[in-house]
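Derivation of every value follows stated rules applied to the coordinates shown; laboratory data play no part. Just so you know, these numbers come straight off a predicted model, no measurement behind them. Cβ sites come from the backbone with ideal geometry, for glycine too, and all protein chains shown count toward neighbours.
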Amino acid sequence: MPEQLADVVDPSAWTCPAPLRDQPVVVMGHGGGGALSAELVEQVFAPAYGNAVLASLADSAVLELGGARLAFSTDSYVVRPLFFPGGCLGDLAVNGTVNDLAMSGARPAYLSAAFVLEEGVELTVVERIARAMGAAAGAAGVMVATGDTKVVESGHGDGVYVTTAGVGLVPDGVDIRPQRARPGDAVIVSGPIGLHGVAIMSVREGLEFGVDVASDTAPLADLVAAMLAVTPDIHVLRDPTRGGLAASLNEIARASGTGVRLQERAIPVPDAVANACGFLGLDPLYVANEGRLVAFVPPSAAEEVLAAMRAHPQGAGATLIGECVADHPGMVVVATGLGGTRVVDLPLGEQLPRIC
């Protein structure tokens, strides 16, 4: 480096937009649902807790208790801003946990809600969030049965954080988990992807994309019930939230030891999402969703399941986007519109921080 340039440029102070994987401290990417999140769970939490139930690493744990099969899940919501087009922190916190339970095939029943409030936040804001949670719980057919509240000093929070946990009953004969993906399975997504992430980004950054974009946040338990009414032998369900569709499919491929092959032209990306991602250099496959699911369905039942999904309001845009294959185990690839193939890897961190 020229001496005069070295006087004003200090490479040691440069930062990489993607966190390095040997970081000795927590970085934002650890919460992004990608490779860093997986490493945090696998290297820190799983060894600390060490049990067979946790080892499945599904959206919710399926437990045997008193002769019943229960699904149990918990999640924290730290979205910024608190209110966004199509929803807010309150309904997000309900729908997110309801959907995690539904991804095990469970019928959600009860939730808990824990609030961490920052000193100085307006009580009207807290009330709006609580009322939104109540309305979302009613719409999803669940009850917020217990909860907790803590307050932290001003400057030590971000207004309001919410943690919800939930339980639900898993019907007999239902065994839905990522390890059950099989070559030949049809890969179906329940509707257009990327809307939640783009909606959050538009209000957070004050960006205009020429059309209003609203979050897709919605409860999916009724849609799952309609799918199970066709066949209880659905192999895998996932709601592609943090890390988007790409992260969910990579997790399934790695857990099952299979490959996934997608058809790029079949993936339902709304024009507004495609335009926003093109403008910002993002890939829609990595953008978060909050009211979508991806399903791995045996080929013999795929058409009937797809028809049942399209007959439901939350699955009206359901689309067959690819298949599970024996080739390239643990890897997701996309057949492009130009006749080529590209690898869709697990993201390192996340493209958009604080989206749920």
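Assorted remarks:
- Note on L63 and E39: with the Förster distance fixed at 30 Å, the Cβ-Cβ geometry gives a FRET efficiency of about 0.70.
- Total formal charge among the other residues, if their Cβ is under 10 angstrom from that of A38, Lys/Arg +1 and Asp/Glu -1: -2
- Length added when fully stretched, L320-T336, from 0.36 nm per residue minus Cα-Cα: 4.2 nm
- Summary value for the chain: 23 percent relative contact order, contacts being C-alpha pairs under 8 angstrom separated by 6+ residues.
- Rounded, prolate or oblate (a/c below 1.5 giving rounded, otherwise prolate when a/b exceeds b/c) for the range 236-356 by Cα gyration tensor: rounded
- Principal axis box of the range 94-221, alpha-carbon based, largest edge first, Å: 54, 42, 25
- Whole-angstrom Cα spans of the chain along principal axes, big to small: 70, 55, 47
- Charge context of H156, other residues only, Cβ under 14 angstrom, K/R +1, D/E -1: -3
- Mean residue ellipticity (222 nm) of the chain, computed from DSSP H runs ≥ 4 via -39,500 (n - 2.57), nearest 500: -8500 deg cm²/dmol
- Other residues whose C-beta falls under 14 angstrom from the C-beta of L111 contribute a net charge of -3, scoring Lys and Arg +1 and Asp and Glu -1.
- Extension gain (nm, one decimal) between L169 and T146, 0.36 nm per residue minus Cα-Cα: 6.5 nm
- Between the range 88-165 and the range 200-273, the Cα center-to-center distance that results, in Å: 22 Å
- Using the Cβ-Cβ distance between Q263 and D345 with R0 = 22 Å, the FRET efficiency computed as 1/(1 + (r/R0)^6) comes to roughly 0.75.
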